[in-house]
Amino acid sequence: MKPMKIVALGDSLTVGETGFSDSDESVSYPKYLETLAKQHLTSLQSSVEVTVVNRGINGDLTSGMLDRFSRDVVDEKADYVIILGGANDLGWGFDPAMIAHNLTTMYDAALNKRIVPVACSVPSILGFDALIPPRLRLNRMIRTEAEKRNIHLVDFFTATADPQTNRLSEDYSADGLHLNTKGYQQMSKYMFDKWLRALLDEHTK
């Protein structure tokens with residue numbers, strides 16, 4: 001059976017951090033997601049093989065992600081691509097509609113290459129309340145475009161935000177923008193529960 005390759009495309013939220021952990025090992029949601037997938041497959045006694053390739057770049061914009069899409073996703077011969085971007089664009093004050101356009105261009109590029117895209121909402125922020133409304137606007141657009149294309153949406157905003165304030169939960173925050181170890185673990189667990197578990201179960205049948 002052909003191994004399943006998942007590429008995680010994004011910025012520093014995909015890269016993850018080493019400075020926020022108690023060890024020298026990398027801390028990222030793609031790494032944790034691969035671990036959860038392998039544990040699940042082992043429990044099913046499945047021969048399916050899964051790799052999650054981290055293609056995050058610190059500080060990247062959605063325009064940069066779009067520019068390297070062919071190299072980092074198509075040339076990687078990905079079966080699935082998780083697309084998480086927009087936090088840096090919003091920090092620079094770019095229009096959510098322009099950001100959504102870049103993201104949807106990547107969704108369509110994936111579909112045209114028979115790569116299954118997974119859309120992701122942008123997590124919230126802590127300590128910069130003015131940047132929360134643009135996130136909510138962008139995330140509504142992402143949801144709408146994902147529904148139009150009938151592709152999965154993983155709502156990282158809901159997964160990591162305080163429901164009372166819409167701010168990034170203090171439990172998951174490293175510096176207000178980036179997540180800590182617990183936060184990246186929460187992202188991976190949420191993605192696994194909302195998308196990858198069912199996909200692996202289907203492949204194991």
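Data for the structure
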| item | result |
| --- | --- |
| Pairs with Cβ under 8 Å, 6+ apart, first in region 189-205 and closer than 18 Å to ILE83 by Cα, second in a helix (DSSP H, G or I) and of a type in the set (Gly, Ala, Ser) | TYR190/ALA159; PHE192/ALA37; LEU196/ALA37 |
| Top-ranked residue of region 1-35 - restricted to ones that are crowded, with 22+ Cβ neighbours inside 10 Å and of a type in the set (S, T, N, Q), ranked as modelled with the lowest pLDDT | SER28 |
| Qualifying residue in region 36-59 (condition: acidic (Asp, Glu) and at pLDDT below 95) | yes |
| Residue ranges of strands (runs of 3 or more DSSP E) in region 1-102 with at least 1 members touching a helix residue (DSSP H, G or I) at 6+ places or on another chain (Cβ under 9 Å), within 20 Å of VAL122 (Cα to Cα) and basic (Lys, Arg) | 50-56 |
| Some residue of region 111-120 being within 23 Å of SER12 (Cβ to Cβ) and basic (Lys, Arg) | no |
| Whichever residue in region 116-130 is surrounded by fewer than 19 Cβ atoms within 10 Å (Cβ to Cβ) and not charged (D, E, K, R) and, among such residues, is nearest to the chain's Cα centre (by Cα) | VAL116 |
| Per-region count, region 99-140, residues within 12 Å of LEU84 (Cα to Cα) and aromatic (Phe, Trp, Tyr) | 1 |
| Filter result for LEU138 (more than 25 Å from SER46 (Cβ to Cβ), under 16 Å from the mean Cα position of the chain (by Cα), assigned to a helix (DSSP H, G or I) and not β-branched (Val, Ile, Thr)) | yes |
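The values are calculated or read from the model by the stated rules, or taken from the named source; none is laboratory data. Because the structure is predicted, anything quoted here is derived from the model rather than measured. Positions of Cβ are backbone-derived with ideal geometry, glycine not excepted, and every protein chain shown enters the neighbour counts.
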